[in-house]
Every structure is written in C-alpha cells, then in structure tokens.
Amino acid sequence: MPVIPRTKWDTKQQYLEYLRHLAAYVILAEPFVGNKKVLDIGCGPGYGVEHLSKSAFSIVAIDISKEGVSQYWDEYRRGNLNFALGNGTSLPFKAGSFDLVASFQVVEHIKAKFVLAYLAEIHRVLKTGGTFICSTPNKRLRLLPFQKPWNPEHKREYEDNELKNLLKEVFERVEVYGLRGSDEI
C-alpha cells in the first residue's frame with residue numbers, strides 16, 4: 001500500500017511512515033541530485049521526487065502501481081519532472097541515460113528471482129560513474145530470526161550485510177548506511 005501525502009494522519013504510525021519515506025529523498029538523495037538527470041524507481045504518489053525536482057536537471061519517476069499513486073502525479077508534475085507506469089526489471093530507457101537512480105523501499109517488494117534483473121537494469125541505465133541510492137527496511141531491526149516480514153507485500157527483507165553483498169554482485173563500489181528516526185520522532 002503506497003504512503004499517500006496528507007496533512008492529517010489517523011495514527012502516529014501513518015505519520016512516521018510518511019516521514020520515513022520522505023527522509024530517504026531529503027537525507028539520502030537530495031545532496032546528489034543537483035543539476036543531474038535522475039530516475040526514481042518506485043516513486044509512489046510522487047511527493048519525494050517533487051522535492052528533488054527543485055534542484056535536479058530532470059527527473060523521470062516510475063511506479064508499477066496504477067491504482068493509488070498515479071492519481072497524485074498531476075499534482076506534482078512540472079517541466080523537469082515526469083511520471084510513468086513502469087517496472088524496474090524492464091526499464092524503457094537507453095543505456096547510460098541517467099546520472100542518478102534512486103529506488104526507495106522497493107527491493108523488498110521484488111521476488112528473489114527478479115532482484116538481480118532489477119539491479120542489472122539500474123546499472124544499465126546509469127551513466128559511467130553514476131550513482132544508485134536505495135533504501136529498504138533492515139531485517140535485523142525488524143524481525144526475529146526466521147520470522148517472515150510482517151508486511152505481506154514484502155517478498156524479502158534484508159540485513160545490512162545481505163544487502164551489501166547483493167549490491168556488490170552488480171555494482172563495483174557499495175556503501176551501506178543506516179537511516180533512523182530522531183529523538184523528536
């Protein structure tokens with residue numbers, strides 16, 4: 001279920017989910033997008049890429065879900081920000097099209113047999129020297145050993161070292177960082 005932007009939330013959990021999703025764009029991606037061609041895979045309703053479009057040269061934002069998210073895209077669309085339906089395992093772009101690819105809270109939704117295809121497609125559309133930034137829940141902080149993800153839409157949650165090893169199968173240089181809530185939250 002996509003996290004929908006709003007001004008009022010029914011629960012603190014809804015508000016925290018919104019902040020967690022937005023933080024990936026503000027904290028992780030924003031420092032890298034200045035005057036760059038950006039692709040966002042799994043953009044959801046679009047509020048995150050709308051924030052990035054203020055400093056990016058251009059952004060193409062895709063999501064696989066027609067229901068629930070595309071209805072918000074007209075609100076955020078602007079000259080340098082375009083939205084489309086698409087699948088991260090089969091991207092409709094030429095090789096080397098983007099300086100930066102972002103994909104937040106997506107990899108855990110992909111069936112294991114398709115994850116390497118998803119990463120290979122990202123690598124293919126990145127320019128030489130380009131950057132891929134992603135985020136995903138850390139299994140170590142959320143689940144007990146052998147416990148399945150509590151979100152039924154998650155096919156697999158990764159520990160930080162598992163994610164790093166997976167990314168190293170496709171990318172030459174990999175750095176893994178944590179993203180947590182602040183004391184105020």
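The values are calculated or read from the model by the stated rules, or taken from the named source; none is laboratory data. Since we're looking at a predicted model, the values are computed, not measured. Heads up, the Cβs are rebuilt from the backbone with ideal geometry, glycines too, and the neighbour counts pull from every protein chain shown. Ligands, DNA and RNA are stripped out before the accessible areas are found, and what is left, the full protein with its side chains, is counted by its heavy atoms. Shrake-Rupley method; radii C 1.70, N 1.55, O 1.52, S 1.80 Å.
Considering only DSSP beta bridges whose two residues both sit in region 1-114, what percent are antiparallel, to the nearest 5?
In region 1-114, DSSP labels about 5 percent of beta bridges as antiparallel.
For region 43-125, calculate the relative contact order in percent as a whole number, restricting contacts to Cα pairs under 8 Å that are 6 or more residues apart.
30
If R0 is 25 Å, what FRET efficiency do you get for V26 and H109 from their C-beta distance, rounded to 0.05?
Plugging the Cβ-Cβ distance into 1/(1 + (r/R0)^6) gives 0.70.
Lys and Arg at +1, Asp and Glu at -1: add these up for the other residues within a Cβ distance under 11 Å of I133 and post the number.
Charge balance near I133 sits at -3.
Give a residue-ordered list of calculated ³J(HN,Hα) values for region 69-86 (Karplus: 6.51 cos²θ - 1.76 cosθ + 1.60, θ = phi - 60°; whole Hz; x for Gly, Pro).
In residue order, the calculated couplings are 10, 5, 5, 8, 5, 4, 5, 9, 4, 8, x, 9, 10, 10, 10, 7, 7, x Hz.
Could you sort the peptides 99-106, 115-122, 41-48, 80-87 by per-residue average Cβ neighbour count (10 Å cutoff), highest mean leading?
41-48, 99-106, 115-122, 80-87
What accessible area per residue, rounded to a whole number of Å², is obtained for region 1-88 using a probe radius of 1.4 Å?
Numbers: 4740 Å² over 88 residues.
Per-residue value: 54 Å².
Ordering W73, W9 by accessible area with a probe of 1.4 Å, largest first, what comes out?
These residues rank, largest area first, as W9, W73.
Would you grab the residues whose amide H sits under 5 Å from the one on F83? Only those 5+ places off in sequence or on another chain, please, with H modelled 1.01 Å from N.
Counting only residues 5 or more places away or on other chains, the set is A61.
May I ask which residue of V125, G88, G46 lies farthest towards the positive end of the charge dipole of region 42-129, with charges of +1 (Lys, Arg) and -1 (Asp, Glu) on Cβ and the Cα centre as origin?
Of the candidates, V125 comes out farthest on the positive side.
Can you give the FRET efficiency for S70 and E153, using 1/(1 + (r/R0)^6), R0 = 22 Å, r = Cβ-Cβ distance, to the nearest 0.05?
FRET efficiency, S70 to E153: 0.80.
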